[in-house]
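Enquirer: Have a look at the structure that comes next, please.
The values are calculated or read from the model by the stated rules, or taken from the named source; none is laboratory data. Everything quoted here is computed from the prediction, not taken from an experiment. Ideal geometry is used to build each Cβ from the backbone, glycine not excepted, and the neighbour counts take in all protein chains shown. Calculation scope for accessible area: heavy atoms of the full protein, side chains included, ligands and nucleic acids excluded. Shrake-Rupley method; radii C 1.70, N 1.55, O 1.52, S 1.80 Å.
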Amino acid sequence: MKDYEYTKLNTKANNIVLINLPSMTYKIDGMEKEFGYNPSFALISLGTWLELNGYHPILIDLCCEHLSKEEIFGILENENPIIVGLSVHTENIELALNMAKLIKLSFPSVKIVFGGAHPSLVPEDIITSEYVDFIIRKEGESSFLELAEAIVSNENTISFDKIPGILFKKSDTVIKNSLRPPITDLDLMPLPKREFFDINKYSFVVNIITGRGCPGNCVYCAAKSLSGAEYRELVLSSVEFR
């Protein structure tokens, strides 16, 4: 495929692109048609939090929207974001690293941020990539917001080494900050703005997350490692039903 050169625009200081990468699991044996597919709740939650704090998130779900490289790059050229965030799992880590490389080579000023299960559990394996600038571990809303503030202010508002839950490189040295404690009161979080995606393109079943964390020790599940052992509830009265 031909590598395209795009005209670089002045970065729009509050634009952040969040990408949900393709994952083949939901397509196995017709599972997508049988059980439906919902957009990434994690990206919706993160986008809602960022917008509430003055940023302009642009969410792209490549599990639903099968965009080409040229189409994705067209969005990046038009929006010219300060950050591109990728939600990454083990099954698409190679795809994520390849996309980070393509984006970084064409848009070198854009900061590439990885989050999700795989970067949270094995961040040292990823941060060494020259195309990945930051990794956010576990719950990402507060860490991502502080990271955006640090990038926009050139670390005048807050420095990278003061942000819990991130990894980054400084003079070719990997800096691994302490983990951020989980959000204890989920009722302080805004209701997720599903309008980031065209819901008509998805299943008629709408997913709702009413808690985070799990006290269980199931050997096949990473919920405890990602969200903590304490179960935190979202009060159902705060959920708006329509």
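Enquirer: Whether any residue in region 66-80 is crowded, with 19+ Cβ neighbours inside 10 Å, modelled with pLDDT of 85 or more and in contact with a Gly (Cβ under 9 Å, 6 or more places away or on another chain) is what I want to check.
Expert: So far as region 66-80 goes, no, none of its residues is crowded, with 19+ Cβ neighbours inside 10 Å, modelled with pLDDT of 85 or more and in contact with a Gly (Cβ under 9 Å, 6 or more places away or on another chain).
Enquirer: Looking at region 177-196, which of its residues are surrounded by 15 or more Cβ atoms within 10 Å (Cβ to Cβ) and among the β-branched types (Val, Ile, Thr)?
Expert: Filtering region 177-196 for residues surrounded by 15 or more Cβ atoms within 10 Å (Cβ to Cβ) gives 177, 179-180, 182-183, 186, 189, 192-194, 196.
The answer is Ile183, and nothing else.
Enquirer: Turning to a different aspect of this structure: Please determine whether any residue of region 93-110 is open to solvent by 40 Å² or more (accessible area, probe 1.4 Å), farther than 19 Å from Phe134 by Cα and either modelled with pLDDT of 90 or more or part of a loop (DSSP other than H, G, I, E, B) (or both).
Expert: If we filter region 93-110 for residues that are open to solvent by 40 Å² or more (accessible area, probe 1.4 Å), which is where we start, we get 94-95, 97-98, 101-102, 105, 108-109.
Among the residues that remain, those that are also farther than 19 Å from Phe134 by Cα are: none.
No: region 93-110 contains no residue that is open to solvent by 40 Å² or more (accessible area, probe 1.4 Å), farther than 19 Å from Phe134 by Cα and either modelled with pLDDT of 90 or more or part of a loop (DSSP other than H, G, I, E, B) (or both).
Enquirer: Looking only at residues that are of a type in the set (S, T, N, Q) and closer than 23 Å to Asp185 by Cα in region 127-157, which one is surrounded by the fewest Cβ atoms within 10 Å (Cβ to Cβ)?
Expert: Residues of region 127-157 that are of a type in the set (S, T, N, Q), as a first pass: 128-129, 142-143, 153-154, 156-157.
Checking the rest, the ones that are also closer than 23 Å to Asp185 by Cα come to 142-143.
Numbers: Ser142: 16, Ser143: 23.
Among them, the one singled out is Ser142.
Enquirer: Turning to a different aspect of this structure: Cβ-Cβ distance below 7 Å, separation of 6 or more or different chains: which pairs start in region 61-83 with a residue that is on the phi > 0 side of the Ramachandran plot and in contact (Cβ under 8 Å) with a residue 24 or more places away in the chain and end on one that is open to solvent by 50 Å² or more (accessible area, probe 1.4 Å) and among the β-branched types (Val, Ile, Thr)?
Expert: From residues that are on the phi > 0 side of the Ramachandran plot and in contact (Cβ under 8 Å) with a residue 24 or more places away in the chain, the pairs are Asn80/Thr11.
Enquirer: Please state which one of Phe168, Phe134, Phe196, Phe144 is closer than 26 Å to Leu21 by Cα and in contact with an Asp or Glu (Cβ under 8 Å, 6 or more places away or on another chain). Reasoning before the result, please.
Expert: On the way: Phe134 fails: in contact with an Asp or Glu (Cβ under 8 Å, 6 or more places away or on another chain); Phe196 fails: in contact with an Asp or Glu (Cβ under 8 Å, 6 or more places away or on another chain); Phe144 fails: in contact with an Asp or Glu (Cβ under 8 Å, 6 or more places away or on another chain).
Of the residues listed, the single one that is closer than 26 Å to Leu21 by Cα and in contact with an Asp or Glu (Cβ under 8 Å, 6 or more places away or on another chain) is Phe168.
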